[in-house]
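Okay, so here's the structure we're looking at.
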Amino acid sequence: MKLLCLSWSHKTSAAAAREALACVQIERVLTVLRKHGCGEAVAVSTCNRFEFYAAGRPHVVRPANWHLDLLSELAGAEVSAEAEVFEDLGAVRHLFCVASGLYSLVVGESEILGQLKNAYETAKSMGMTDKRLNVLFQRALYVGKKVRSETAVAAGSSSVPSVAVQLAESIFGRLKGKTALILGAGAMAELAAKHLVARGVGKLVVANRTWQRACALAARFQGEALQWADFPAQLAEADVVIASTGAPEAVVTRTMAETAVRKRAGRSIFFIDISMPRDIEEAVHQLDGAFLYRLEDFESIVAKNMADRAESVAAARAIVEDKAEEFDRWARSLSTGKELSLHHSQRVVFDRPRAF
């Protein structure tokens, strides 16, 4: 069995490469690969990473450079130099670390498990997975859950939105009496709303392109829904703006922010962009009275989280290493005619996909 992984993440790749790849729909990637005769592939796209996995017999899986050239073409930008390349056991170990939250911006965050599951199910529904990737991704989800249940790696602030709200609170001292505007109504926006309310924010406003989704999210947290076309005017009323829309281009421009700052008459406004591609133009940071924080600006909080969880991270890595080597033995056994068994606790897993 040959396994190839290409990875672009906040740890090793510039934001420009990740933004270019984030604009490429994973369905398009898989469709193009299928046309080129690729049998097994999964593409994963999140706010912090883009990853590609291919598997099959050694003579079937094309080399890394071929896939890198194809992804650069689809992204409309040269992204090859930014990629990390992993093969075989290295690729298994990498995926298991990703699933365990060890390579997330916020160590131990739980959203990555759902994102991996969705990516796997998308590929499976398109007929792009077979025995090798079915078992690999089932195993990755199992390892991710095992790490979280047997270690404290996910304790404390364990998601990007929770760290974003933690940052907002550190800026203001406390959020009581402050107005927060959330742009977007997806999973990240919902988590941001949850943490803002938990921290006592005075007023919560939600704007989304789909009005019904804005209303649903606002109602869940006793906030106010705002029509998407009206959010630029609302910027002047917000103390903190958290943007997480998934739009292909910036939704908050320098002009919008400049107008808002002028109306606030000396009161600062803090923008926190947790989206990829970015939702807020970089030039906003140049305005007096406007402060822009992006994913890469969370480093100090993330570093503290890492230090606090050093022992748990070591325990998680031990689990990952053990399960990666176990999977590698199974993968190598496929060519011997004496296939080994893999176990999820007491349950044996063969090639039939298991529901999660």
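Numbers for the structure displayed
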quantity	calculated
GluC sites (Glu not before Pro) restricted to DSSP loop in the stretch 1-89 with at most 15 other C-beta within 10 Å	E78
Förster radius 30 Å - calculated FRET efficiency between A283 and A229, Cβ distance, rounded to 0.05	0.85
Ratio of the Cα radius of gyration of the chain to 2.2 N^0.38 Å, where N counts its residues	1.05
At least 20 Å along the helix axis (C-alpha) and Kyte average at least -0.5, DSSP helices within the chain	131-150
Cut-off under 5 Å, modelled amide H: who pairs with V206 long-range	I182, E224, A225, L226
From phi via Karplus (6.51, -1.76, 1.60), per-residue ³J(HN,Hα) for the stretch 287-294 in Hz, x at Gly/Pro	7, 5, x, 10, 10, 10, 10, 10
Qualifying aspartates and glutamates (Cα of each under 17 Å from Cα of K176; at least 8 residues distant if same chain)	E224, E237, D239
Candidate lysines - alpha carbon under 19 Å from K338, same-chain residues fewer than 8 apart omitted	K2, K131
In the stretch 277-338, the trypsin sites (Lys or Arg not before Pro) that fall in loop regions by DSSP, at most 13 other Cβ within 10 Å	K338
GNM top mover of A283, A225, A185 - the chain, alpha-carbon springs below 10 Å	A283
Relative contact order (%) - the stretch 160-303, alpha-carbon pairs under 8 angstrom, separation at least six	22 percent
Whether the stretch 160-303 is rounded, prolate or oblate, judged on the alpha carbon gyration tensor where a/c under 1.5 counts as rounded	rounded
Computed lengthening from R28 to A198, 0.36 nm per intervening residue step minus Cα-Cα distance	57.3 nm
Cβ-defined net charge surrounding A238, 12 Å radius [Lys, Arg +1; Asp, Glu -1]	+2
Label-point gap, in nm, between E321 and K11 - each point 7 angstrom along Cα→Cβ	1.5 nm
Highest-MSF residue in the chain out of V320, V79, V32 [GNM, Cα springs under 10 Å]	V32
Length added when fully stretched, D308-R262, from 0.36 nm per residue minus Cα-Cα	12.4 nm
GluC sites (Glu not before Pro) lying in DSSP loop within the stretch 156-259, provided at most 15 other Cβ fall within 10 Å	E249
Theoretical gain in end-to-end length, E73 to T255 [0.36 nm per residue, Cα-Cα removed]	62.3 nm
MRE, 222 nm, helices only [DSSP H, n ≥ 4, -39500 (n - 2.57), over the chain, to nearest 500]	-14000 deg cm²/dmol
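Any read-out appearing in this document is the output of simple, stated calculations on the displayed coordinates, not a laboratory observation. Here the structure is a predicted model, which is why all the values come from computation and not from measurement. Positions of Cβ are backbone-derived with ideal geometry, glycine not excepted, and every protein chain shown enters the neighbour counts.
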